[in-house]
Amino acid sequence: MKIEAKNVKFFYGQDQVLKDISMSIKKNTVTALIGPSGCGKSTFLRLFNRMNDLIEGARLEGEILIDGVDIYNKNINVNELRKTIGMVFQKPNPFPKTIYENVAYGLKVNGVSDKNIIEESVEQSLKQAALWEEVKDKLKKSAFALSGGQQQRLCIARALAVKPSILLMDEPASALDPISSIKIEELIYQLKSSYTILIVTHNMQQASRTSDKTAFFYMGELVEFDDTRTLFTNPKKERTQNYITGRFG
Amino acid sequence: MKEKIIEKLLLFCALLTIFTTLGIIAVLLIQSFNFFKEVSFFDFVTDTEWTPLFSNKRYGILPLLSGTLLTTLIAVLVAVPIGLIIAIYLSEYAPKKVRSILKPSLEILAAVPTVVYGYFALVYVTPFLQSIFPSLSGFNSLSPGLMMGIMILPLVSSLSEDALYAVPKFLKEGSFALGATRFQTAWKVMVPAAFSGIAVSVILAISRAIGETMIVAIAAGQQPRLTFNPFVPVETATTYIVQVSSGDVPHDSIEYRTIFAVGMSLFVITLILNNISFWLKRKYQATYS
Amino acid sequence: MINEKSQKSIRRQKALSERLQKISKSKFYLIQDEVFKYFGLFCTILGIAVLIVFLFNLFVTAGSRIDWGFLTNLPSRRAAKAGIYTAWVGTLWILVLTTIIALPIGIAAGVYLEEYNKKNRFSSLLEVNIANLAGVPSIVYGLLGLELFARFIGTGESLLTGALTLALLILPVIIVSTREALKTVPYTIREASYALGATKWQTIWNQVLPASLSGIFTGMILALSRAVGETAPLIVIGALAFVPFVPTSVFDSFTVLPIQIFNWVSRPQKEFSVNAAAAIIVLLSITFMMNGIAVYLRHRWQKKIKW
């Protein structure tokens, strides 16, 4: 197992937002996390690179193992951990710098100073994110000059540059137009061979198209977790059935 | 490790502000304490004469405070009504484009150094006023007061505008919906609802005027006098400090210490006023949030 | 709270019912409204108009007084020979020194308060304290500088004392504007940086500070333009009006333009008043230029970055 969550409970102050969640994720698979707004799926996603640490008053119970190691162990260096886990956010959030610097930033903050290595990784990452052909002549231009869809692929390239093994995606296509959205989905499909991907999404078609496994969250609980096909065609729980058929949420 | 050191360094810089406050309080307390060893506090607050630089020394701060009060009063009487009208005009009447030009130009008034306003008051305003009131003395509190009023206009108008903006929209719309004009809505609905916010601007204006130095030092004179006649020379608390500092008063003399006792009074008064305004501001922000 | 609200709604109802009773006079109210509009415009322009008239007068009195000699002559007891050389050089020194002292400290303190500070009693103490410092009369800073720097630390009536005093004076302004600038950097930028394994300081240094730099500089220039015009605290620490030489080190005594102006204004002779007017034109040129740069920077910054 690449990732394992064991009896995870999560609190913001007094509010419990995740209720006893256990889940195992295999290497090089795409797992979709679905559910209505506020169900805890984004919070759950952010546990894996400890982004929730940044929130005051947040508290975790239970264990999260990556490659068998408890990432909430005291000896874990959070920055090292985040380097091995890439993250792509809901809205494209490029840095207000050039395209090149956006991709190179992760390497630089992790102590890579060899210019050749950086240049090479920038090119590779942009190719992986299927953006190279569009930007190779304007690497020194501001990232803000790109379209929304290109910006999101740049953010993916940026995440890939530090060579993570896991990619967390928090509704990566929700702010994009349908065509850009499809491009991101194709990209996810290609990246699957080298990365373990977790993707939070509101869009059920997207979940069914991109993922191998799907987890349905509701009110902080993991209601059902199964192969995507099974979950969408033959859900075991009534709540899942209601949700995927659009009766609520 | 490096991260921790940086955080400590940044914290230290933030703590410098605390040290500044402590420094101000310590300096004022120590020297005032020395002052009050020689002058009774009772005399200081009740005596009606202030003559530390003469041979017959009297240490009553009332004349200085009355000078400060008088110039402040004139400034506030100018700045508050006009500032409020400006705030209403800018927030309710002015077209967006006009507003975007007028508001920054108004800020220029606050950017002019006070010594320049002092010159204006002495060289332009006083002679002009003398042509209307021949009895006006060459140094007086009226003309620096007026000038100070213009200087703090942007402060009053922008704070009042903030207060008007904080009034919930439904109050305004409710009034408009019943056919009230903008004038009626502004004065009968908006201003009463924004009252505590406007009070904040008045208090801060007073505080600013009390601490203002150069305008009064140049144009109000250097004659401590317990009076409320705006036509005669007076001396404000701030002017007195400037007067002593630019003369040759030996350190560690009682005359030298007077400026700290006066400074202490200024500090305490402005501190109280500022904190009343903070408290009021929090209160009115809480009301509408 | 509820009581206050109900009082407010009663007040509101009252105001509205009054409107209804007077509805027949509505024409009068429309005129009143229109008249007030022009009166409001008049009031808004009033202060600026007065300033423009005064500035015009300044140029008429002293425009011809400003020449090369006025800028390069040392002070003199004879008005016609006196220049502002020592004064503007002193102002320049003060400007540079104050920047060197106040800028790093102010930014550092602003970063601490905005990025590191947790919400607790200590942080609210820091914030209330800074708000209070911003309201302390500038002359009181002069008293602090006089006792703490000039006498206790022993830097005397020097440039260093002046710059340290003014740095403390403008520190609250810089801290507040730094915080405002940092606030405009969206959280998503920090998030993206953390997610790549950057530490907190790496994120602040590489992403947050560069993105807010023009905002910080805008605040800094406005604060400095205030420092350039400050007179009272420098008089209190003992800066002299008559300095017959140009300072060459931070320990030299000095004068600045505002003090030179104050000195000339205080003299009864008309020639010195003209000198004062000429020096005011120079001082105002400096402050207006700095304000202009700040406005331009702010404008460009708001235009350039749309998150």
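Residue-by-condition table, conditions (1) closer than 24 Å to A:Gln90 by Cα; (2) of a type outside the set (D, E, K, R):
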position	(1), (2)
A:Ile25	yes, yes
A:Thr31	yes, yes
A:Gly35	yes, yes
A:Phe44	yes, yes
A:Arg50	yes, no
A:Gly57	yes, yes
A:Glu61	no, no
A:Leu65	no, yes
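Within region C:186-235, if we keep just the residues that are of a type outside the set (Gly, Ala, Ser), under 30 Å from A:Glu80 (Cα atoms) and outside any helix (DSSP H, G or I), the residue that is nearest to the other protein chains (Cβ to nearest Cβ) turns out to be C:Leu196.
Candidates are the residues of region B:104-123 that are among the small types (Gly, Ala, Ser) and more than 7 Å from chain C (Cβ to nearest Cβ); the one that is nearest to B:Thr181 (Cα to Cα) is B:Ala110. Please work out if B:Val242 is in a helix (DSSP H, G or I), surrounded by fewer than 23 Cβ atoms within 10 Å (Cβ to Cβ) and within 11 Å of another protein chain (Cβ to nearest Cβ). So B:Val242 fails the test.
Here is the figure for region A:64-120: residues that are surrounded by 22 or more Cβ atoms within 10 Å (Cβ to Cβ) and among the hydroxyl-bearing types (Ser, Thr, Tyr) total 1.
Quick check, is B:Ser141 touching a Ser or Thr at 6+ places or on another chain (Cβ under 7 Å) and more than 9 Å from chain C (Cβ to nearest Cβ)? When the stated conditions are applied, B:Ser141 passes them. If the condition is being touching an Asp or Glu at 6+ places or on another chain (Cβ under 7 Å) and farther than 29 Å from A:Asn49 by Cβ, then region A:197-236 contributes A:Pro235, A:Lys236.
Just one of the listed residues (B:Ile74, B:Ile101, B:Ile86, B:Ile30) is facing chain C (nearest Cβ under 7 Å) and not charged (D, E, K, R), and it is B:Ile86.
The set of residues from region C:169-193 being within 26 Å of A:Asn102 (Cβ to Cβ), of a type outside the set (A, V, I, L, M) and crowded, with 22+ Cβ neighbours inside 10 Å comprises C:Thr178, C:Ser193.
For (1) surrounded by fewer than 17 Cβ atoms within 10 Å (Cβ to Cβ); (2) of a type in the set (Gly, Ala, Ser); (3) in contact (Cβ under 8 Å) with a residue 12 or more places away in the chain, each residue gets a yes or a no:
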residue: A:Asp212; (1), (2), (3): yes, no, yes
residue: A:Tyr218; (1), (2), (3): no, no, yes
residue: A:Glu238; (1), (2), (3): yes, no, no
residue: A:Asn242; (1), (2), (3): yes, no, no
residue: A:Arg247; (1), (2), (3): yes, no, no
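Note on region C:1-118: enclosed helices (runs of 4 or more DSSP H) holding 2 or more residues that are under 30 Å from B:Ser196 (Cα atoms), within 14 Å of chain B (Cβ to nearest Cβ) and out of contact with any strand residue (DSSP E or B) (no Cβ under 7 Å at 6 or more places or on another chain) are C:2-21, C:26-62. On the basis of being facing another protein chain (nearest Cβ under 10 Å), modelled with pLDDT of 95 or more and part of a helix (DSSP H, G or I), does C:Leu166 make the cut? Here the answer is no, as C:Leu166 does not meet what is asked. Would you say C:Glu157 is surrounded by fewer than 24 Cβ atoms within 10 Å (Cβ to Cβ), of a type in the set (D, E, K, R) and either under 28 Å from C:Ser249 (Cα atoms) or touching a Cys at 6+ places or on another chain (Cβ under 8 Å) (or both)? When the stated conditions are applied, C:Glu157 passes them. Candidates in region B:207-236 are the residues that are surrounded by fewer than 24 Cβ atoms within 10 Å (Cβ to Cβ) and of a type in the set (Val, Ile, Thr); of these, the one that is farthest from the other protein chains (Cβ to nearest Cβ) is B:Thr227.
The residue that is surrounded by the fewest Cβ atoms within 10 Å (Cβ to Cβ), among those in region A:174-207 that are among the polar types (S, T, N, Q) and over 16 Å from A:Lys127 (Cβ atoms), is A:Gln205. Test B:Asp43 against the stated conditions and say whether it is more than 9 Å from chain C (Cβ to nearest Cβ), surrounded by 18 or more Cβ atoms within 10 Å (Cβ to Cβ), without any contact (Cβ under 8 Å) to a residue 60 or more places away in the chain and closer than 30 Å to B:Gly221 by Cα. No: the conditions fail for B:Asp43. Summed over region B:218-239, the residues that are in contact with a Gly (Cβ under 7 Å, 6 or more places away or on another chain) and in a helix (DSSP H, G or I) give a count of 3.
For region A:74-111, the set of residues classified as at pLDDT below 90 and away from chain C (no Cβ under 11 Å) consists of A:Lys74, A:Asn75, A:Ile76, listed by residue number. Restricting A:Leu54, A:Leu65 to those that are under 19 Å from the mean Cα position of the chain (by Cα) and under 26 Å from A:Leu231 (Cα atoms) reduces the list to A:Leu65. Does B:Pro81 meet the test of being surrounded by fewer than 18 Cβ atoms within 10 Å (Cβ to Cβ), free of Cβ contacts under 8 Å to residues at least 12 places away in the same chain and not in a helix (DSSP H, G or I)? Judged against the criteria, B:Pro81 is not a match. Of the residues making up region A:126-143, those that are surrounded by 19 or more Cβ atoms within 10 Å (Cβ to Cβ), in contact with a strand residue (DSSP E or B) (Cβ under 7 Å, 6 or more places away or on another chain) and not hydrophobic (A, V, I, L, M, F, W, C) number 0. Looking at B:Ile108, is it touching a residue at least 60 places away in the same chain (Cβ under 8 Å), in the same structural domain as B:Ser207 (by TED's automatic domain parsing), farther than 14 Å from B:Glu92 by Cα and among the β-branched types (Val, Ile, Thr)? It is false that B:Ile108 is touching a residue at least 60 places away in the same chain (Cβ under 8 Å), in the same structural domain as B:Ser207 (by TED's automatic domain parsing), farther than 14 Å from B:Glu92 by Cα and among the β-branched types (Val, Ile, Thr).
Against the numbered list (1) closer than 18 Å to C:Lys8 by Cβ; (2) surrounded by fewer than 24 Cβ atoms within 10 Å (Cβ to Cβ); (3) more than 9 Å from chain C (Cβ to nearest Cβ), B:Lys188 comes up short only at (3).
Taking the condition closer than 18 Å to A:Lys2 by Cβ and part of a loop (DSSP other than H, G, I, E, B), does A:Ser194 pass? Answer is yes for this residue. Could you list, in sequence order, all residues of region C:259-277 that are within 10 Å of another protein chain (Cβ to nearest Cβ), within 23 Å of C:Leu92 (Cα to Cα) and of a type in the set (S, T, N, Q)? Residues satisfying the conditions are C:Gln260, C:Asn263.
The values are calculated or read from the model by the stated rules, or taken from the named source; none is laboratory data. In this text, all values refer to a predicted model and were calculated from it rather than measured experimentally. Cβ atoms come from the backbone with ideal geometry, glycine included; neighbour counts cover every protein chain shown.
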